[in-house]
1. When the chain is fully extended, how far beyond the present Cα-Cα distance does residue 43 get from residue 66, taking 0.36 nm per residue of separation?
2. Tell me, what ³J(HN,Hα) does each residue in segment 30-37 have, in order and in whole Hz, if you take phi through Karplus 6.51 cos²θ - 1.76 cosθ + 1.60 with θ = phi - 60° and put x for Gly and Pro?
Amino acid sequence: MAIMTKGSGFALAFVPPLAILFTGRIDLLKRLNLAYAAVIVLVLAGPWTWAFRDVTRAGWEQPSMTLDLHATRARIFP
């Protein structure tokens, strides 16, 4: 749901692999439940993100993420 709500939700996709790596539980990669979860996310969030990629880009004030953009936002939203 986070991915479909906001693009930065994609960062959450790195949580399970990093948790497996940091805890040393490499054996979890052999479980199908983990693969099922990844497939569900790809099937639901992948097409949604692709379909609405232009809509989210249209909401940006500037064409790219620049230092000036972050400085302006920092002044507006302290």
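1. Full extension of this stretch gives 5.1 nm more.
2. Working through the residues one at a time gives 7, 7, 6, 4, 5, 5, 4, 4 Hz.
Each reported figure results from applying straightforward, stated rules to the coordinates on display, with no laboratory input. Computed from a prediction, not measured in an experiment: that's the story for all the values here.
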